[in-house]
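In what follows, a structure is listed as structure tokens, so that the remarks can point back to it.
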Amino acid sequence: MPLNYPSSTCFILLLVTITRLIYTVGKTEQQKPLILPDLDIENIFHKLRDDPETIQMASTDYGHIVHELPAAVFHPSSIDDIATLIKTSYNSFVPFHIAARGQGHSTQGQAMARDGVVVDMATLRKQGNGVSISVSKDPLIGHYADVGGEQLWIDVLHASLEHGLAPVSWTDYLYLTVGGTLSNAGISGQSFRYGPQISKVHEMDVITGKGEFVTCSTQKNLELFNAVLGGLGQFGVIARARIALEAAPKRVKWVRLLYSDFSAFTEDQERLISINGRKQKNALDFLEGMLLMNQGPINNWRSSFFPLSDHPRIASLITEHTILYCLEVAKYYDDQTEKNVDKEIQVLLQGLAYIPGFYYEKNVSYVEFLNRVRSGELKLQSQGLWEVPHPWLNLFIPKSQILDFNSGVFRDIILKRNISSGPVLVYPMNRNKWDDRMSASIPDEDVFYTVGFLHSSGFDSWKAYDAQNREILEFCRDAGIKLKQYLPNHSTQEDWTNHFGAKWMKFLERKHQFDPKMILSPGQKIFHKQLQPAF
């Protein structure tokens, strides 16, 4: 429910602050009013909520580990409302923190704002008052979709498929907002070929930390464009993104292969992703890898693939080797290319060093493949196992150090602790598919690996996984492994400086340019300037 003004203490305190600003500032020629006359302040009040249920919703996230109470949650009716809210903070003597929350799929409180205001972006989507999704064509850039930052990727998929089109770069889970993934990078098994999602954006509308509405692209306001993509929400709220589209395939040939030797597994992965640069038409469209271990199910919640009849012999192989490495690849096709897809897969996989007899394949629709994680989510929800702690750790590891990581982490820390029951992903990417001008931070080597520990735990056991995550990071530090965290979680300025490396000074300059009062996305904990509570 709305703040209950005029009796609400929150409203009275904010009203006093704003009234003082309006009536005491700007009385001399040298001073300009800090509150602009066109700001509809009363309209903001009507859209703030501070009831316990709403506050509780905004004080947690998918991780269910960090809890930060905001002063209020803002339910905008339009993009202009968000700009007004940010201007109100920016032009106040005592600015307050603001965090845009999409699906709240962060795991360490990144979408929270302690004592500040959380903007519930889902309100725009549910009310239909955002940018929505529209598909168009430009003679210079081809087909594209203009998409509100609050929109879900699953809806972008369905809307673009109505025109026979689709984006080419995806995350593994599609029930995330466009603004949320673009603020990080947006990666999955397509990234080695098509790049992260941030590499497929033509243009954006952004509300900066000053409350300014700015259209940016590679042609105009380039500095803001590059700052926001992968910028962890530090420079602005994404109101609209123009996403590149291509002709959509109809079906997917989906293959899994099992390995017992990690060196052979990584060599084959690196060979397969190298083909993309030489023979685009004959390359794979998707490549990921994962670990199979005794403490986890053979089929995990992300996808059910291996036939039940083969579970005993796969389990026997895991017992023999303690860890198996599963290579997962996919090739997209349509009616015109269907007759060649099997031959192309055979050519691509010829000579790979997987265990003979452990080859598995499926033939599924394009939508079923892209949305493969959804069925696992619904199953966990029905069992009450979705809204639980998720002590995740996502890393980028340089190719030159992935064997050291395997011996020190996979075959030592993970096996000794014996608690990793969730999916553990490991797959390579090509650095040349990333634009280094953007804010996202990745290793310097031409090939680097994504490693994801996607744990779920009980509310009384997440600390054991957290301790394992810390041990992994400590091992990497002591071994000199030059990792980068994806969806990073750092607690000190020194750690953030190291995370961005050579990009840190540019990141800092951009922060001072686009959010000089450090209002936006405090939950990332990059900048530790403490603002006053919102109300």
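Relative to the longest principal Cα axis of the chain, at what angle does helix 462-479 sit, 0 to 90 degrees, rounded to 10?
80
Once ligands and nucleic acids are excluded and a 1.4 Å probe is used, how much of V135 is accessible, expressed in Å² to the nearest 10?
40
Heavy atoms only, 1.4 Å probe, whole protein assembly: order S304, S106 by accessible area, highest first. Provide the component values of the computation, followed by the final result.
On the way: S304 80, S106 25 Å².
Largest accessible area first, the list is S304, S106.
Pop out the ³J(HN,Hα) list for the range 259-274 in order, Karplus 6.51 cos²θ - 1.76 cosθ + 1.60 with θ = phi - 60°, rounded to Hz; leave Gly and Pro as x.
So the J values, rounded to whole Hz, are 10, 10, 10, 5, 4, 5, 4, 6, 4, 5, 4, 5, 5, 5, 6, 6.
Take the alpha-carbon centre of the range 436-501, take the same for the range 136-181, and report the distance between them in whole Å.
After rounding, the separation between the Cα centres reads 29 Å.
Please state the relative contact order of the chain as a whole percent: Cα pairs under 8 Å, 6+ residues apart?
Numbers: 1102 pairs, mean separation 94.5, N = 535.
Contact order relative to length: 18 percent.
How would you classify the chain from its alpha-carbon gyration tensor, with a ≥ b ≥ c the square roots of the eigenvalues: rounded for a/c under 1.5, else prolate if a/b is greater than b/c, otherwise oblate? Provide the component values of the computation, followed by the final result.
Working: a/c = 1.97, a/b = 1.66, b/c = 1.19.
It is prolate, given that a/c is not under 1.5 and a/b is the larger ratio.
Could you work out what % of the accessible surface of the chain is carbon and sulfur, using a 1.4 angstrom probe and leaving DNA, RNA and ligands out of the count? Don't jump to the answer; show the numbers that get you there.
Numbers: 11180 of 22270 Å².
Ligands and nucleic acids excluded, carbon and sulfur give 50 percent.
Could you work out how far apart the two model spin labels at E445 and H67 are, taking each label as a point 7 Å from the Cα in the direction of the beta carbon, and quote it in nm?
Modelled inter-label distance: 4.1 nm.
With θ set to phi - 60° and the Karplus curve 6.51 cos²θ - 1.76 cosθ + 1.60, what are the ³J(HN,Hα) couplings of the range 345-356 in order, to the nearest whole Hz, using x for Gly and Pro?
Karplus values, whole Hz, x for Gly and Pro: 4, 4, 5, 5, 8, 4, x, 5, 9, 6, 6, x.
Quick one: go through the range 228-263 and flag any residue whose amide nitrogen is under 18 Å from the point 7 Å out along the Cα-to-Cβ line of S309.
Output list for this probe position: 256.
Using the Karplus curve 6.51 cos²θ - 1.76 cosθ + 1.60 with θ = phi - 60°, what ³J(HN,Hα) values do you get for each residue of the range 66-82, in whole Hz, with x for Gly and Pro?
3J(HN,Hα) across the range 66-82, in whole Hz: 9, 9, 10, 7, x, 6, 7, 10, 9, 10, x, 9, 7, 4, 4, 4, 5.
Please work out the average accessible area per residue across the chain, using the 1.4 Å probe convention, and give it in Å². Mind dumping the intermediate values first?
Working: 22270 Å² over 535 residues.
Computed with neighbouring chains in place, this is 42 Å² per residue.
Assuming a ≥ b ≥ c are the square roots of the Cα gyration tensor eigenvalues, decide whether the range 388-489 counts as rounded (a/c under 1.5), prolate (otherwise, with a/b larger than b/c) or oblate. Before the final figure, lay out the partial values.
Details: a/c = 2.21, a/b = 1.57, b/c = 1.41.
Prolate shape, in that a/c is at least 1.5 and a/b is the bigger ratio.
For the peptides 81-93, 188-200, what is the packing order when you average, over each peptide's residues, the other Cβ atoms within 10 Å and list the highest mean first?
Numbers: 81-93: 21.8, 188-200: 23.9.
Highest mean packing first, the order is 188-200, 81-93.
Using only Cα atoms and rounding to the nearest 10 degrees, what angle (0 to 90) does helix 504-514 make with the longest principal axis of the chain?
40
For the chain, what is the charge dipole size about the Cα centre, in debye to the nearest 20, if Lys and Arg each add +1 at the Cβ and Asp and Glu each add -1 at the Cβ?
Values: 53 positive and 58 negative charges, 98 e Å.
With only Lys, Arg, Asp and Glu charged at Cβ, the dipole is about 480 debye.
Do the alpha carbons of any pairs in K210/K511; K379/K463; K399/K433; K250/K339 sit beyond 19 Å of each other, and which pairs?
On the way: K210/K511 11 Å; K379/K463 25 Å; K399/K433 16 Å; K250/K339 13 Å.
Over 19 Å apart, Cα to Cα: K379/K463.
Could you compute the FRET efficiency for Q346 and F527, with r as their C-beta to C-beta distance and R0 at 45 Å, rounded to 0.05?
Details: r = 53 Å, r/R0 = 1.17.
The value I calculate is 0.30.
To the nearest 0.05, how large is the calculated FRET efficiency for S400 and E474 if R₀ is 25 Å and r is the Cβ-Cβ distance? Intermediate results must be reported in sequence, preceding the final value.
On the way: r = 20 Å, r/R0 = 0.81.
Computed FRET efficiency for S400 and E474: 0.80.
Calculate the FRET efficiency for I413 and Q127 from the Cβ-Cβ distance with a Förster distance of 41 Å, rounded to the nearest 0.05. Before the final figure, lay out the partial values.
Values: r = 47 Å, r/R0 = 1.15.
Here the calculated transfer efficiency is 0.30.
Packing-wise, with mean Cβ within 10 Å as the measure, how do 373-379, 387-393, 323-329 rank, highest first?
Working: 373-379: 14.9, 387-393: 20.0, 323-329: 22.1.
So the order, starting with the most tightly packed, is 323-329, 387-393, 373-379.
K379 to S78: extension gain in nm, 0.36 nm per residue of separation minus the Cα-Cα distance? Kindly include the intermediate steps, with their values, before the conclusion.
Numbers: separation 301, 0.36 × 301 = 108.36 nm, distance 3.47 nm.
Stretched out fully, the K379 to S78 stretch lengthens by 104.9 nm.
The values are calculated or read from the model by the stated rules, or taken from the named source; none is laboratory data. Note that the structure is a prediction, hence the values are computed from the model and not measured. Please note: Cβ atoms are built from the backbone with ideal geometry, for glycine as well, and neighbour counts cover all protein chains shown. What goes into the accessible areas is simple: the full protein's heavy atoms, side chains included, and nothing from ligands, DNA or RNA. Shrake-Rupley method; radii C 1.70, N 1.55, O 1.52, S 1.80 Å.
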